[in-house]
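Data first, discussion second: the structure below is written as structure tokens.
We did not get these values from a lab; they are worked out from the coordinates using the rules stated. All figures in this text were calculated on a predicted structure; none of them were measured in a lab. Note: ideal-geometry Cβ built from the backbone for every residue, glycine included; neighbour counts use all protein chains shown.
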Amino acid sequence: MSDGPFKVAAVQAAPAFLDLEAGVEKAIGLIREAAAQGARLIAFPECWLPGYPWWAWLDSPAWGMQFVTRHFANCMTADGPEAQRLAACARENGIRVVMGYSERAAGSLYIAQLIIAPDGTITPRRKLKSTHVERTIFGEGDGSDLAVHPTEIGNLGALCCWEHLNPLNRYAMYAQDEQVHVASWPSFSLYPGKAYALGPEVNLAASRMYAVEGQCFVIASCGIISPEMIELMCDSDAKRELLAPGGGHAMIFGPDGRPLCDPIPEDQDGLLYAEIDLSMIAYAKTAADPTGHYSRPDVARLLFNPHRSRPVQHFGQDFGRDFGTPQDAPVSQVTFEDIGETAAS
């Protein structure tokens with residue numbers, strides 16, 4: 001854990017849309033820039049590699065099929081050469097990276113984040129539930145993806161976009177003593193004037209309330225819609241009314257909810273920096289720790305399955321382990337019958 005204040009960086013930038021190689025090059029440049037400024041963590045937006053598939057929101061699935069081949073080919077695997085290049089850059093620059101990307105795994109895609117340590121170790125996670133039309137493109141994660149990791153800069157967690165609007169997701173993360181949280185967002189420029197819930201006011205508030213509710217620091221990265229992306233996807237005036245350029249609203253929040261940096265223009269690429277002092281968390285926790293002294297587990301509590309879910313389980317000595325308690329884990333076995341009896345009593 002960090003022994004004093006440290007600097008973090010939030011990315012606000014347009015992706016190299018549907019060009020994985022160019023996107024990795026741009027990411028490496030931003031990682032080096034953040035490290036040169038003394039940042040120990042840099043956080044990237046949702047699906048930043050190779051860019052969020054906005055076409056899913058603009059027309060029918062049949063119309064969007066024109067992007068499928070190019071998008072699939074430019075999605076990164078969690079352990080492929082592009083991920084290794086990012087890991088090597090993190091290692092060379094001594095910085096922790098949280099990269100938002102579209103993961104390709106066999107024939108499926110997932111909204112995902114790579115958590116890369118300063119030594120180059122890669123820990124992948126997937127978005128637990130894709131939102132609305134995202135489900136026409138992406139699969140889902142599982143309980144193992146709601147994880148907080150002890151690191152050299154504190155207990156670090158990450159979620160994507162509207163994962164922050166599910167209160168059970170949040171509670172599962174808070175319960176793991178999260179101290180530094182990366183919130184990856186794609187852009188806040190979809191359906192301007194037509195869907196308030198998709199705009200910057202609501203979604204910045206979601207990041208801010210995550211900080212207040214969980215008493216943790218939140219690095220909220222945010223993508224930008226570039227004019228080139230508009231040109232590629234918006235082939236009619238109707239589509240141009242549904243997706244506006246810009247939409248970048250990155251911010252960094254403290255555990256009391258206050259902004260820790262100044263915003264930059266919504267159409268401007270850049271890095272936002274802030275100093276984090278984990279000792280400030282104690283002040284926030286004194287008032288209201290939602291999974292500690294401010295909880296009431298006798299009234300309400302979360303049933304959480306943190307295990308990895310696999311579509312195929314091979315017979316062998318480890319068969320069944322993923323369905324129960326991990327070996328030597330210090331937790332009790334609870335059945336649904338137990339829960340029912342507890343509720344009845």
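Of all residues in the stretch 93-139, those being surrounded by 23 or more Cβ atoms within 10 Å (Cβ to Cβ), among the aliphatic types (A, V, I, L, M) and within 11 Å of the chain's Cα centre (by Cα) number 5. None of Arg126, Arg104, Arg70 is under 30 Å from Lys239 (Cβ atoms) and in contact with a helix residue (DSSP H, G or I) (Cβ under 6 Å, 6 or more places away or on another chain) except Arg126. Taking the stretch 140-183 on its own, how many of its residues are assigned to a helix (DSSP H, G or I), closer than 22 Å to Ile276 by Cα and without any contact (Cβ under 8 Å) to a residue 40 or more places away in the chain? Number satisfying all stated conditions: 0. Looking across the stretch 90-111, the residues that are free of Cβ contacts under 8 Å to residues at least 40 places away in the same chain and not in a loop (DSSP other than H, G, I, E, B) come down to Arg91, Glu92, Glu103, Arg104, Ala105, Ser108, Leu109, Tyr110. Of all the criteria given as (1) outside any loop (DSSP other than H, G, I, E, B); (2) within 20 Å of Ala16 (Cα to Cα); (3) more than 22 Å from the chain's Cα centre (by Cα); (4) not polar (S, T, N, Q), the one not satisfied by Leu271 is (3).
Scanning the stretch 45-76 for residues that are buried (at least 16 other Cβ atoms within 10 Å of the Cβ) and among the polar types (S, T, N, Q) yields a count of 1.
Is it fair to say Glu134 is touching a helix residue (DSSP H, G or I) at 6+ places or on another chain (Cβ under 7 Å), under 25 Å from Ala73 (Cβ atoms), in a helix (DSSP H, G or I) and among the charged types (D, E, K, R)? For Glu134, the condition - touching a helix residue (DSSP H, G or I) at 6+ places or on another chain (Cβ under 7 Å), under 25 Å from Ala73 (Cβ atoms), in a helix (DSSP H, G or I) and among the charged types (D, E, K, R) - is met.
Given the criteria more than 20 Å from Asp59 (Cβ to Cβ), of a type outside the set (Gly, Ala, Ser), under 21 Å from the mean Cα position of the chain (by Cα) and in a strand (DSSP E or B), does Tyr210 qualify?
It is false that Tyr210 is more than 20 Å from Asp59 (Cβ to Cβ), of a type outside the set (Gly, Ala, Ser), under 21 Å from the mean Cα position of the chain (by Cα) and in a strand (DSSP E or B).
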